[in-house]
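Read through the structure below, which is laid out as structure tokens, and then see the notes.
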Protein chains: 2
Amino acid sequence: MPRVKIGVLISGGGTNLQTIIDNTLNGTINGEINLVISNKKEAYGLKRAEAAGIENIFINPKDFGSMEDYNKRLIQEFKIRDVGLIVLAGYLKVLSKEFIESFQYIMNIHPSLIPSFCGKGYYGEKVHEKVLDYGVKVTGATVHFVDEGTDTGPIILQDVVEVKADDTVETLQKRVLEVEHRLLPQAVKLFCDNKLKIEGRRVIISQ
Amino acid sequence: MPRVKIGVLISGGGTNLQTIIDNTLNGTINGEINLVISNKKEAYGLKRAEAAGIENIFINPKDFGSMEDYNKRLIQEFKIRDVGLIVLAGYLKVLSKEFIESFQYIMNIHPSLIPSFCGKGYYGEKVHEKVLDYGVKVTGATVHFVDEGTDTGPIILQDVVEVKADDTVETLQKRVLEVEHRLLPQAVKLFCDNKLKIEGRRVIISQ
């Protein structure tokens, strides 16, 4: 099977990106990252890509008249590299309808058990804050395909994290991040091995 | 410590009730069930109570002019027996505001990971139907204290169940029920051992 060309969008430190870099370089994932784009100049993930010899660019949203125009540029960059999978690895900007319609497979990781603690306003530390405020005993992480809603697309993988009585946003985030770092490369690997089939809202994983 | 007097409301088969019966009779739970009330005459849970020598009554909602009047009768029955904990063990009727305000501690078991797949319209098999339709990979069960909302009160215990690719409502319900049968007596035991402390929305469990 040909290796899948992967495009990654980031906004920050890129620890989830790093897990994909590691697993493509060591051959676990049958794919290669062709381009990393950040909407933040200082995103450390750009340095991670650079260190791995992966093309990486900062594209400044402020250089564009609208969110739609910014997204047109992103589409163009990924299209000319013929990527077959877009991965949102901690990308905190909204995607345009055109972007979502331009790529058949866009994968996102969310730091909760969707459909709990997701949707508009639930990103980054806010998710864990709300988990602690609500008082749930279990949270987790979700990898899903992106559709036009916010965190509403078909779910690929989920795994759980126990919420402890003395957890803070920081301690909880740390343990959820460990799950993210396990689930995201696993989902990308399954995709690149052609083992994911979407049936309605359900994602069937072949054995 | 004196044994806690427990009142139980049921509507059906009463397998969750049975787990409390078993764990009070064998001494695991430091409490005793003083009364089981069903809103359904044919509820098999009444027979389970009878077999264990526990007072049990069917009270017909149709004999009352309103839901509020029906609840006044329930309050009266439990109050004259001085119960310190009400357990909803598969009770499918709505409680009145007066009922909820009349008892400090009311416990409910819900067959999902609250706040997912709960609230109005999510009861019994419908919960598992919606879980399968959504395509989540993880579900579970929740024991919580009851407040004036539907499934919104402070969470005592939660545990998870993996959703399998070939699950049906029946197979999923069966595995979730196993978790319910473990969590509910555990929560009642913790309560009767005075190990639950409610702080805001969080339930702190002493070790």
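The values are calculated or read from the model by the stated rules, or taken from the named source; none is laboratory data. Just so it is clear, the model here is predicted, and its values are computed rather than measured. Note that we place each Cβ from the backbone using ideal geometry, even for glycine, and neighbour counts take in every protein chain shown.
Would you point out the residue of region B:135-144, among those that are within 10 Å of chain A (Cβ to nearest Cβ) and within 29 Å of B:Gly200 (Cβ to Cβ), that is surrounded by the most Cβ atoms within 10 Å (Cβ to Cβ)? Here the answer is B:Thr142. Within region A:48-66, no residue satisfies the criterion of being in a helix (DSSP H, G or I), farther than 18 Å from A:Ile6 by Cβ and within 18 Å of the chain's Cα centre (by Cα).
Report, by residue number, each residue of region A:115-149 that is assigned to a helix (DSSP H, G or I) and among the β-branched types (Val, Ile, Thr). Spell out how you get there, then give the answer.
Keep residues of region A:115-149 that are assigned to a helix (DSSP H, G or I), which gives A:125-134.
Within region A:115-149, A:Val127, A:Val131 qualify.
Among the criteria (1) surrounded by 17 or more Cβ atoms within 10 Å (Cβ to Cβ); (2) facing another protein chain (nearest Cβ under 9 Å); (3) without any contact (Cβ under 8 Å) to a residue 40 or more places away in the chain; (4) touching a strand residue (DSSP E or B) at 6+ places or on another chain (Cβ under 7 Å), the one A:Leu190 does not fulfil is (2).
For region A:101-122, enumerate the residues that are at negative phi, surrounded by 17 or more Cβ atoms within 10 Å (Cβ to Cβ) and out of contact with any strand residue (DSSP E or B) (no Cβ under 6 Å at 6 or more places or on another chain). If the condition is that a residue be at negative phi, surrounded by 17 or more Cβ atoms within 10 Å (Cβ to Cβ) and out of contact with any strand residue (DSSP E or B) (no Cβ under 6 Å at 6 or more places or on another chain), then A:Ser102, A:Pro115, A:Ser116, A:Tyr122 are the ones that fit. Hey, does region A:116-131 have a residue that's within 22 Å of A:Leu17 (Cβ to Cβ), in contact (Cβ under 8 Å) with a residue 40 or more places away in the chain and either facing chain B (nearest Cβ under 10 Å) or basic (Lys, Arg) (or both)? No, region A:116-131 contains no residue that is within 22 Å of A:Leu17 (Cβ to Cβ), in contact (Cβ under 8 Å) with a residue 40 or more places away in the chain and either facing chain B (nearest Cβ under 10 Å) or basic (Lys, Arg) (or both). Considering the conditions (1) surrounded by fewer than 17 Cβ atoms within 10 Å (Cβ to Cβ); (2) at the interface with chain A (Cβ under 9 Å from one of its Cβ atoms); (3) within 16 Å of B:Val87 (Cα to Cα), B:Arg182 is excluded by exactly one of them, (2).
When B:Glu148 is tested against (1) within 14 Å of the chain's Cα centre (by Cα); (2) more than 9 Å from chain A (Cβ to nearest Cβ); (3) in contact (Cβ under 8 Å) with a residue 40 or more places away in the chain, just one condition goes unmet, and that condition is (1).
The single condition among (1) out of contact with any Lys or Arg (no Cβ under 6 Å at 6 or more places or on another chain); (2) under 18 Å from A:Ile6 (Cβ atoms); (3) buried (at least 17 other Cβ atoms within 10 Å of the Cβ); (4) at pLDDT 95 or above that A:Val83 does not satisfy is (1). Taking the numbered list (1) farther than 21 Å from A:Leu46 by Cα; (2) loosely packed, with under 13 Cβ neighbours inside 10 Å in turn, A:Asp159 passes all entries but (2).
Condition first: in contact (Cβ under 8 Å) with a residue 60 or more places away in the chain and surrounded by 15 or more Cβ atoms within 10 Å (Cβ to Cβ). Can you find one or more residues in region B:38-57 that meet it? Please lay out each step first, then the result.
Taking region B:38-57 first, the residues in contact (Cβ under 8 Å) with a residue 60 or more places away in the chain are none.
No, there is no match, as no residue in region B:38-57 is in contact (Cβ under 8 Å) with a residue 60 or more places away in the chain and surrounded by 15 or more Cβ atoms within 10 Å (Cβ to Cβ).
Of all residues in region B:21-36, those satisfying the criterion of being within 22 Å of B:Val94 (Cα to Cα) and buried (at least 23 other Cβ atoms within 10 Å of the Cβ) are B:Ile33, B:Val36.
Could you list, in sequence order, all residues of region B:151-165 that are part of a loop (DSSP other than H, G, I, E, B) and either at the interface with another protein chain (Cβ under 10 Å from one of its Cβ atoms) or in contact with a Cys (Cβ under 8 Å, 6 or more places away or on another chain) (or both)?
Narrowing region B:151-165 to residues part of a loop (DSSP other than H, G, I, E, B): B:151-154, B:163-165.
Those that are part of a loop (DSSP other than H, G, I, E, B) and either at the interface with another protein chain (Cβ under 10 Å from one of its Cβ atoms) or in contact with a Cys (Cβ under 8 Å, 6 or more places away or on another chain) (or both): B:Asp151, B:Thr152, B:Gly153, B:Pro154, B:Val163, B:Ala165.
Of the residues screened, B:Leu177 is not one that is surrounded by fewer than 23 Cβ atoms within 10 Å (Cβ to Cβ), within 13 Å of chain A (Cβ to nearest Cβ) and either within 17 Å of the chain's Cα centre (by Cα) or part of a helix (DSSP H, G or I) (or both).
Put simply, of B:Val87, B:Val131, B:Val83, B:Val136 the only residue that is under 13 Å from the mean Cα position of the chain (by Cα) and of a type outside the set (D, E, K, R) is B:Val87.
Quick grid of which residues meet (1) part of a strand (DSSP E or B); (2) acidic (Asp, Glu):
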residue: A:Pro2; (1), (2): no, no
residue: A:Asn16; (1), (2): no, no
residue: A:Asn23; (1), (2): no, no
residue: A:Thr28; (1), (2): no, no
residue: A:Glu77; (1), (2): no, yes
residue: A:Ile109; (1), (2): yes, no
residue: A:Leu113; (1), (2): no, no
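Select from region B:28-47 the residues that are closer than 23 Å to B:Val4 by Cα and out of contact with any Cys (no Cβ under 7 Å at 6 or more places or on another chain) and list them in ascending order. Matches in region B:28-47: B:Thr28, B:Glu32, B:Ile33, B:Asn34, B:Leu35, B:Val36, B:Ile37, B:Ser38, B:Gly45, B:Leu46, B:Lys47.
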